[in-house]
Amino acid sequence: MKVFPVCSAPARSRERAGAISRRQLLAVDDGRVRFKILRALGGLRLREPSLPLDNPVLRRGIERTLARSLRVIDWRTRLERAAEDEPERMTIAHELLVQTMIHKERGATERIFRLLGLLYPEEAFERIYRGFESQDVRTRASSFELLEAIVPPPLNAALLAFMDHIPDRERIRRGEAYYTPRDRSYEEILEAFLREGSVGLRCITLYQIADLKLKSFRSQIEARRELAHEIEAPIVERALRALDDSTPGEARTV
C-alpha cells in the first residue's frame, strides 16, 4: 500500500482540504472516488502529522467499507452457488462478474487499511497490511496479533475474520455486527448490479442477462435507454435484441 504525497500548501489550506475530504468520505458511493479521498488524506497527514482528523468519521468509514465488503463476498458466494446449481449460468459473463466481485473486495481491503492508518497514525498499518499479504506464516500471525491489539472489539473480531483464510460464509457470519446477509436469488443480485453497479459491472450484467435470455429484465433494461452511459448504450440495445429474439440462444460458457 503506497502513500502518494500531495503538493505543498499552507497549513490552513491543508486543514480545509482535510475537512472537505472527511465530509466527502461518507457521502460518496463510488469506491474509486473514496480511494482518491483516502489517498489525498494520507498525503496531507504525511506532510502535516498533526493534521486534525475526525476519528468518528474515520471509524464509520471503516465500518461502512467493511459492511460493503461483506456484502460483496455474500453476493459473490451466492452467484457461485447458483451457477453450480444451474451450470448453464456459468458463462464467460458470469465468470467476469465473479472476478469483478473479487477485485472489489481487494480494493475495499486496501481502503480499510488506509482508514486504519489515518485513525491510528502512530501504528505501522502499512506494514501490517503487507504482513497479511505475506506467504510467511509467522509474518501473517504477527499482523493478526497487532490488528487484534490495536483495534477495539467488536470491530477487531470482524476485521480479523475478514482477513483470515477461512470459508467465506464464516467470514460473513463473524462480521454480522456490520452486515446481515439477506437471501437473494441469482436474478435479484443481477438486478442490484444494474441498479447500483459501476458502468463496467452493468455492462457485464447486461451480457449475462442477454446470454441467459432473462426476459423478466426487459422492462428494466428498456428503462436504461435514457440513462445509459455511452459505453453502455450499445450493450443495452444488444441485450434488448437478444431478449426479443425468440430463438433459443447459446450462452458462451467458461
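Key figures for this structure:
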quantity: Residue in region 174-185 that is more than 28 Å from MET90 (Cβ to Cβ) and of a type in the set (Phe, Trp, Tyr) present; calculated: yes
quantity: Region 114-141, subset touching a helix residue (DSSP H, G or I) at 6+ places or on another chain (Cβ under 9 Å) and of a type in the set (Val, Ile, Thr), residue surrounded by the fewest Cβ atoms within 10 Å (Cβ to Cβ); calculated: THR139
quantity: Residues of region 203-246 classified as part of a helix (DSSP H, G or I) and either open to solvent by 30 Å² or more (accessible area, probe 1.4 Å) or without any contact (Cβ under 8 Å) to a residue 12 or more places away in the chain (or both), total; calculated: 16
quantity: Lone unmet requirement of (1) modelled with pLDDT of 95 or more; (2) more than 18 Å from the chain's Cα centre (by Cα) for CYS203; calculated: (2)
quantity: Matching residues in region 156-194 - criterion: being closer than 22 Å to GLN208 by Cβ and either assigned to a helix (DSSP H, G or I) or of a type in the set (Gly, Ala, Ser) (or both); calculated: ASP168, SER185, TYR186, GLU187, GLU188, ILE189, LEU190, GLU191, ALA192, PHE193, LEU194
quantity: Check on GLU84, assigned to a helix (DSSP H, G or I), touching a strand residue (DSSP E or B) at 6+ places or on another chain (Cβ under 9 Å), open to solvent by 10 Å² or more (accessible area, probe 1.4 Å) and modelled with pLDDT of 95 or more; calculated: no
quantity: Matching residues, region 142-186, being over 30 Å from LEU79 (Cα atoms), open to solvent by less than 50 Å² (accessible area, probe 1.4 Å) and among the aliphatic types (A, V, I, L, M); calculated: LEU147, ILE150, VAL151
quantity: Tabulated pairs, region 23-41, first more than 13 Å from THR65 (Cα to Cα) and open to solvent by 60 Å² or more (accessible area, probe 1.4 Å), second modelled with pLDDT of 65 or more and among the hydrophobic types (A, V, I, L, M, F, W, C), C-beta under 7 angstrom, 6+ apart or interchain; calculated: GLN24/ILE37
quantity: All positions within region 87-128 that are at pLDDT below 95 and assigned to a loop (DSSP other than H, G, I, E, B); calculated: TYR120, PRO121, GLU122, GLU123, ALA124
quantity: Single residue of region 64-76 satisfying the filter (in contact with an Asp or Glu (Cβ under 8 Å, 6 or more places away or on another chain) and either without any contact (Cβ under 8 Å) to a residue 24 or more places away in the chain or open to solvent by 10 Å² or more (accessible area, probe 1.4 Å) (or both)) that is nearest to GLY175 (Cα to Cα); calculated: VAL72
quantity: Some residue of region 89-103 being farther than 30 Å from TYR207 by Cβ, in contact with a helix residue (DSSP H, G or I) (Cβ under 7 Å, 6 or more places away or on another chain) and open to solvent by 10 Å² or more (accessible area, probe 1.4 Å); calculated: no
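The values are calculated or read from the model by the stated rules, or taken from the named source; none is laboratory data. Values in this document were obtained by computation on a predicted structure and should not be read as measured data. Using ideal geometry, Cβ is built from the backbone for each residue, glycine included, and neighbour counts are taken over all protein chains shown. For accessibility, only protein heavy atoms count, side chains too; no ligands or nucleic acids. Shrake-Rupley method; radii C 1.70, N 1.55, O 1.52, S 1.80 Å.
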